[in-house]
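Trainee: Dumping the structure here so I can ask a few things about it.
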Amino acid sequence: MIDKLKQLTKDTAVYGISTILGRFLNFVLTPFYTQVFPPSEFGIFSNVYAYIALLNIFFIYGMDSAYLKYAATGDEEKKKDVFSTPFLTVVISSVVLSGIMLLFKGPVSVLFRLPEHYSYFLYYVAAILSVDAICSLPFISLRLERKSKQFALFKITNIVINVICNFVLIYKYRMGIEAIFISNLIASVAALLLLLPSISKQFVCRIDYLLLKKFFVFGIPYLPAGIASQIVQVIDRPIMELLTNMKMVGIYQANYKLGIFMMLFVSMFQYAWQPFFLTNSKEANAKELFAKVLTYFTIAGSIILVVLSLYIGDLVRIQIPFFHRPLIHPSYWSGLVIVPVVLFGYLFNGIYVNLSAGLYIEEKSIYAPITVGIGAAVNVIVNFALIPVMGMMGAAIATFASYFIMAISIYVITQRFYKINYELKKIASIMVSIFITGGIFYYMDSINKLNQPVKAGLLLLFFVLLYVLRVINKQEIFAVKKMMRI
């Protein structure tokens, strides 16, 4: 089992290094935006990108999940059909959907809450959505072929181009928030150009309609699941704009972005986890292995959660060299209180990703929209209920509540057809440790006693609780050390 866990750790690390580097470069833009744009302008950009994230699901409509499931075939000619059929379908549908969006530009601008003088941004939005959808399957193909270095290089190149274009267009050419969309489009086209050699090796100009039907049967349930998933991630911004104002949306989004560190951990794990459980599902000890993975993932995620929650306030106040400004502009600091809640929500998102293995293994994708749909419904309800009362914190709690419910729902469902004896007692003990540490953290913050010695004491308390509650022991510490020797 240790060897299998070592393999997962290695793959996670490979994808993780590239993901961390790439997302960090992308994250650099958030402090930059807070320095050059007022919260109201940042709010407009955040709102539009919330809709872009939602529309991404319509542009790919489950073809990525279906391709991930059926691409592992030994027949070389069949491999080309498995790639080309969904790829050609996505290319055609992307052009059609972009055309429909631009045909109804007026109503779409109103839906996006775009000021009239910014309505032409929709041309950028349509192009970004199309190019990103076309790139999605080639990137999955690189993952399946375990070309992690090539995958990492292309992803990082995409983000580096995006960051450089942002700095040049905003600082040198003073293009305002339009520069954000232009930079994104340039970077997306660059990624497509890099992927062309990989595409050409697998591409044949034909659609296998029997195969396409198979893809639709498996993939279409992921369309409502994907929509619901994006609702969980982005609906808080339009609701907040509706109930409050763009300034609050901007402050909220800038601080929500600080949850990137937990999101990075979940993303790098997911990249490695999906191929891992699909290739190891037939092993005799597969379920025991998967149970142990969930425990180790939750331990690692909880440590990240506690450390970041304690020290995120110090991080954003770090002075940027040469600029002599804090990492995040002080006008956004009022939203820092939401960061621990957002991080906790992302931890449960990672638990959901872990528990979803049964859906793929048993081909029960029909349950995906149910679990995520429940989470989306909870998110919308809690947002409308709490934002008028608690403002930004209400939206953060809605995010946490939705991911928590999703994790519980998928556990209940998958246990019916793919039962795994997870180490629930240990996971419950981890949650108890988090709540005790978090309760003291918020109390000390409320009475302005959250100084450095208190933070160090809380961090020590958390580790002591993990040991006292027998979440970790000497044998597992040794096993984790062994896994990390790669």
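The values are calculated or read from the model by the stated rules, or taken from the named source; none is laboratory data. Note that the structure is a prediction, hence the values are computed from the model and not measured. Cβ: placed from backbone, ideal geometry, glycine included. Neighbour counts: every protein chain shown. For the accessible areas, the whole protein counts, side chains as well, though only heavy atoms, and no ligand, DNA or RNA atoms are used. Shrake-Rupley method; radii C 1.70, N 1.55, O 1.52, S 1.80 Å.
Trainee: What's the total number of residues in the range 179-188 that are without any contact (Cβ under 8 Å) to a residue 60 or more places away in the chain and under 12 Å from Val131 (Cβ atoms)? Break it down stepwise before answering.
Mentor: Applying the first criterion (without any contact (Cβ under 8 Å) to a residue 60 or more places away in the chain) to the range 179-188 yields 179, 182-183, 186-187.
Still in the list and also under 12 Å from Val131 (Cβ atoms): 186-187.
Residues meeting the conditions: 2.
Rundown of residues vs (1) among the small types (Gly, Ala, Ser); (2) more than 23 Å from the chain's Cα centre (by Cα), yes/no style:
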| position | (1), (2) |
| --- | --- |
| Gly335 | yes, no |
| Tyr346 | no, no |
| Leu355 | no, no |
| Glu362 | no, yes |
| Gly373 | yes, no |
| Ile381 | no, no |
| Gly391 | yes, yes |
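Trainee: Mind checking whether some residue in the range 173-190 is assigned to a loop (DSSP other than H, G, I, E, B), more than 30 Å from Leu114 (Cβ to Cβ), at pLDDT 85 or above and out of contact with any His (no Cβ under 8 Å at 6 or more places or on another chain)? Give the steps one after another, and end with the answer.
Mentor: Residues of the range 173-190 assigned to a loop (DSSP other than H, G, I, E, B): 173-177.
Imposing the further condition that a residue be more than 30 Å from Leu114 (Cβ to Cβ) reduces the set to none.
No, every residue in the range 173-190 fails to be assigned to a loop (DSSP other than H, G, I, E, B), more than 30 Å from Leu114 (Cβ to Cβ), at pLDDT 85 or above and out of contact with any His (no Cβ under 8 Å at 6 or more places or on another chain).
Trainee: Just name the residue that is farthest from Ile397 (Cα to Cα) out of those in the range 309-347 that are in a strand (DSSP E or B) and open to solvent by less than 70 Å² (accessible area, probe 1.4 Å).
Mentor: Pass one, the range 309-347, residues in a strand (DSSP E or B): 319-320, 325-326.
Then keep just the ones that are open to solvent by less than 70 Å² (accessible area, probe 1.4 Å); that gives 320, 326.
Values: Ile320: 31, Pro326: 27 Å.
For the range 309-347, the residue satisfying everything is Ile320.
Trainee: I would also like to ask the following. Criterion first (out of contact with any Lys or Arg (no Cβ under 7 Å at 6 or more places or on another chain), surrounded by fewer than 21 Cβ atoms within 10 Å (Cβ to Cβ) and assigned to a helix (DSSP H, G or I)) does Phe154 satisfy it?
Mentor: On the way: out of contact with any Lys or Arg (no Cβ under 7 Å at 6 or more places or on another chain): yes; surrounded by fewer than 21 Cβ atoms within 10 Å (Cβ to Cβ): no; assigned to a helix (DSSP H, G or I): yes.
So Phe154 does not fit the description; no.
Trainee: Hey, among the residues in the range 240-281 that are in contact with a Pro (Cβ under 7 Å, 6 or more places away or on another chain) and closer than 26 Å to Arg317 by Cα, which one's surrounded by the fewest Cβ atoms within 10 Å (Cβ to Cβ)? Even if it seems obvious, please write down each step before you answer.
Mentor: First pass over the range 240-281, keeping only residues in contact with a Pro (Cβ under 7 Å, 6 or more places away or on another chain): 243, 247, 250-251.
Applying the additional criterion that residues be closer than 26 Å to Arg317 by Cα yields 247, 250-251.
Numbers: Lys247: 16, Gly250: 28, Ile251: 25.
It comes out as Lys247.
Trainee: Any idea which of Val90, Val96 is surrounded by fewer than 20 Cβ atoms within 10 Å (Cβ to Cβ) and without any contact (Cβ under 8 Å) to a residue 60 or more places away in the chain? Steps first, please.
Mentor: Values: Val90 fails: surrounded by fewer than 20 Cβ atoms within 10 Å (Cβ to Cβ).
Selected residue: Val96, the only one of Val90, Val96 that is surrounded by fewer than 20 Cβ atoms within 10 Å (Cβ to Cβ) and without any contact (Cβ under 8 Å) to a residue 60 or more places away in the chain.
Trainee: Could you pull out the residue among Ala398, Ala428 that is without any contact (Cβ under 8 Å) to a residue 24 or more places away in the chain and part of a helix (DSSP H, G or I)?
Mentor: Details: Ala398 fails: without any contact (Cβ under 8 Å) to a residue 24 or more places away in the chain.
The match here is Ala428.
Trainee: Being at pLDDT below 85, closer than 28 Å to Thr85 by Cβ and more than 19 Å from the chain's Cα centre (by Cα) is the filter here; which residues of the range 113-147 pass it?
Mentor: Hits for the range 113-147 are Leu144, Glu145, Arg146, Lys147.
Trainee: Being aliphatic (A, V, I, L, M) and open to solvent by less than 70 Å² (accessible area, probe 1.4 Å) is the filter; apply it to the range 204-226 and report the residue that is farthest from Asp64 (Cα to Cα). Full working, then the answer.
Mentor: The first filter runs over the range 204-226 and keeps only residues aliphatic (A, V, I, L, M), leaving 204, 207, 210-212, 217, 220, 223, 225.
Now restrict to residues that are open to solvent by less than 70 Å² (accessible area, probe 1.4 Å): 204, 207, 211-212, 220, 223, 225.
On the way: Val204: 18, Ile207: 16, Leu211: 14, Leu212: 13, Ile220: 10, Leu223: 10, Ala225: 13 Å.
Among residues in the range 204-226 that are aliphatic (A, V, I, L, M) and open to solvent by less than 70 Å² (accessible area, probe 1.4 Å), the one farthest from Asp64 (Cα to Cα) is Val204.
Trainee: Return a yes/no flag: does the range 60-69 have any residue that is at pLDDT below 75 and either under 30 Å from Pro326 (Cβ atoms) or among the small types (Gly, Ala, Ser) (or both). Outline the logic, then answer.
Mentor: Filtering the range 60-69 down to residues at pLDDT below 75 leaves none.
Looking through the range 60-69, none of the residues is at pLDDT below 75 and either under 30 Å from Pro326 (Cβ atoms) or among the small types (Gly, Ala, Ser) (or both).
Trainee: Got a sec? Which of Ser229, Ser130, Ser198, Ser188 is farther than 25 Å from Leu29 by Cβ and crowded, with 18+ Cβ neighbours inside 10 Å?
Mentor: Values: Ser229 fails: farther than 25 Å from Leu29 by Cβ; Ser130 fails: farther than 25 Å from Leu29 by Cβ; Ser188 fails: farther than 25 Å from Leu29 by Cβ.
Among Ser229, Ser130, Ser198, Ser188, only Ser198 is farther than 25 Å from Leu29 by Cβ and crowded, with 18+ Cβ neighbours inside 10 Å.
Trainee: Restricting attention to the range 454-465, does a residue exist that is within 19 Å of Tyr252 (Cβ to Cβ) and in a helix (DSSP H, G or I)?
Mentor: Here is the first cut: in the range 454-465, the residues within 19 Å of Tyr252 (Cβ to Cβ) are none.
So far as the range 454-465 goes, no, none of its residues is within 19 Å of Tyr252 (Cβ to Cβ) and in a helix (DSSP H, G or I).
Trainee: Hey, among Ile410, Ile420, which residue is in a helix (DSSP H, G or I) and closer than 19 Å to Ile351 by Cβ? Full working, then the answer.
Mentor: On the way: Ile420 fails: in a helix (DSSP H, G or I).
On inspection, the qualifying residue turns out to be Ile410.
Trainee: Out of all the residues in the range 398-411, which are touching a helix residue (DSSP H, G or I) at 6+ places or on another chain (Cβ under 6 Å) and open to solvent by 30 Å² or more (accessible area, probe 1.4 Å)?
Mentor: So in the range 398-411, the residues touching a helix residue (DSSP H, G or I) at 6+ places or on another chain (Cβ under 6 Å) come out as 398-407, 409-411.
Those that are touching a helix residue (DSSP H, G or I) at 6+ places or on another chain (Cβ under 6 Å) and open to solvent by 30 Å² or more (accessible area, probe 1.4 Å): Phe400, Phe404, Ile405, Tyr411.
Trainee: Out of everything in the range 189-243 that is basic (Lys, Arg) and without any contact (Cβ under 8 Å) to a residue 40 or more places away in the chain, what residue ends up being farthest from Leu144 (Cα to Cα)? I'd like the intermediate steps shown before the answer.
Mentor: From the range 189-243, those basic (Lys, Arg) are 201, 206, 213-214, 237; that's our starting set.
The next check asks that each one be without any contact (Cβ under 8 Å) to a residue 40 or more places away in the chain; those that pass are 201, 213.
Working: Lys201: 15, Lys213: 22 Å.
Selected residue: Lys213.
Trainee: Across the range 351-380, which residue is most open to solvent (accessible area, probe 1.4 Å) among those that are small (Gly, Ala, Ser) and in a helix (DSSP H, G or I)?
Mentor: For the range 351-380, the residue satisfying everything is Ala377.
Trainee: Looking at (1) assigned to a helix (DSSP H, G or I); (2) open to solvent by 20 Å² or more (accessible area, probe 1.4 Å), which one does Arg113 not meet, given that it meets all the others?
Mentor: (1)
Trainee: Which condition breaks for Val108 when tested against (1) among the hydrophobic types (A, V, I, L, M, F, W, C); (2) without any contact (Cβ under 8 Å) to a residue 40 or more places away in the chain; (3) surrounded by 20 or more Cβ atoms within 10 Å (Cβ to Cβ)?
Mentor: If we test Val108 against (1) among the hydrophobic types (A, V, I, L, M, F, W, C); (2) without any contact (Cβ under 8 Å) to a residue 40 or more places away in the chain; (3) surrounded by 20 or more Cβ atoms within 10 Å (Cβ to Cβ), just (3) comes out false.
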